[in-house]
1. Could you calculate the FRET efficiency of K202 with C18 from 1/(1 + (r/R0)^6), where r is the beta carbon distance between them and R0 is 30 Å, rounded to 0.05?
2. Local charge sum around E75 (other residues, Cβ-Cβ under 13 Å, Lys/Arg +1, Asp/Glu -1)?
3. So what is the relative contact order of the range 26-175, in percent, for Cα pairs below 8 Å that sit 6 or more residues apart?
4. Give me the distance in nm between label points sitting 7 Å out from Cα along the Cα-to-Cβ direction at E126 and F150, one decimal.
5. Looking at this model, which pairs from K108/K172; K176/K202; K28/K92; K28/K202; K92/K141; K141/K169 are more than 24 angstrom apart at the alpha-carbon?
6. Calculate how steeply helix 83-95 sits against the longest principal axis of the alpha-carbon atoms of the chain, using the helix alpha-carbon long axis, and give the answer as 0 to 90 degrees to the nearest 10.
7. When ligands, DNA and RNA are left out and all protein chains stay put, how many square angstrom of accessible area per residue does the chain have with a 1.4 Å probe?
8. Which of the aspartates and glutamates could a cross-linker bridge to K64, judged by Cα under 20 Å and excluding same-chain residues fewer than eight apart?
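The values are calculated or read from the model by the stated rules, or taken from the named source; none is laboratory data. Keep in mind the model is a prediction, meaning the values are calculated, not measured. Don't worry about glycine lacking a Cβ; one is built from the backbone with ideal geometry, like all the others, and counts go over all protein chains shown. Calculation scope for accessible area: heavy atoms of the full protein, side chains included, ligands and nucleic acids excluded. Shrake-Rupley method; radii C 1.70, N 1.55, O 1.52, S 1.80 Å.
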Amino acid sequence: MGFNQAQKKAVSHGEGPCLVLAGPGSGKTLTIVNRIKCLIEEYKVRPEEILVVTFTRFAAAEMKERLCSLMGRREIPVTAGTFHGIYYGILKWAYRFGPQNILSEEEKYQLLRPIVGRQELEPSDEEDFLRDIAEEIGRVKNNRTDISEFVSSKCGAETFRDIYREYEKERKALRKIDFDDMLVVCYELFASRPDVLAMWQKRFRYILVDEFQDINAVQRRLVRHFAAAGKTLFAIGDPDQSIYGF
């Protein structure tokens, strides 16, 4: 398949950051896999130094499959995965986390239910209210919002802050992390341990991010961590499809 001029320019881009704007059906995956092929074959980059970030495990698996097919190999040691999968892997290495340290959705609600109950609230639907509070807790974490400045739309500001702080206290006492913590704790690790960050920056010298328009604040900061040491960041997305653009 031939490339148009813009695709050729993206695929063959050399050192330094590159942002590619691409709408639906414009060949984003094709561009990414050919970009990786170019890095390996033309720029002699070791596959182990390439990190590809996608938003679903299916997309990551499909990308690796298409890359292997394109290059005629059964396996290529490029790392591809979701934000949560990649950074959870780093936490497993740093803190020896395992499945026992992951707070399931059911466990999250088991923690939240008595915490909310102690606030003497009277929601019309308790399960919907718990789900809404859990979503707001995730929003605080993903946007790196100072809890003292966050205003809940589901209950009083101080009430929500009390719920949040008590939830975090109990979660940490159990030495568990929830889904959103996979990114937050990794961000805090990099911020407090520049030696650890430098090690992972050295490991992944070329970063490619798919669906870049959908990354949230903590994901953006994590990408910046990796790119801060002069890495080649290749981001592709469509601002018109942003889930945060409403």
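1. Details: r = 21 Å, r/R0 = 0.70.
Computed FRET efficiency for K202 and C18 comes out at 0.90.
2. Details: positive: K64, R73, R74; negative: E48, E65.
Net charge around E75: +1.
3. Details: 96 pairs, mean separation 24.8, N = 150.
Answer for the range 26-175 is 17 percent.
4. The modelled label-to-label distance comes out at 2.3 nm.
5. The answer is K176/K202; K28/K92; K28/K202.
6. Helix 83-95 sits at roughly 70 degrees to that axis.
7. On the way: 13100 Å² over 246 residues.
Value for the chain: 53 Å² per residue.
8. By straight Cα distance, K64 reaches E41, E42, E48, E49, E75, D210, E211.
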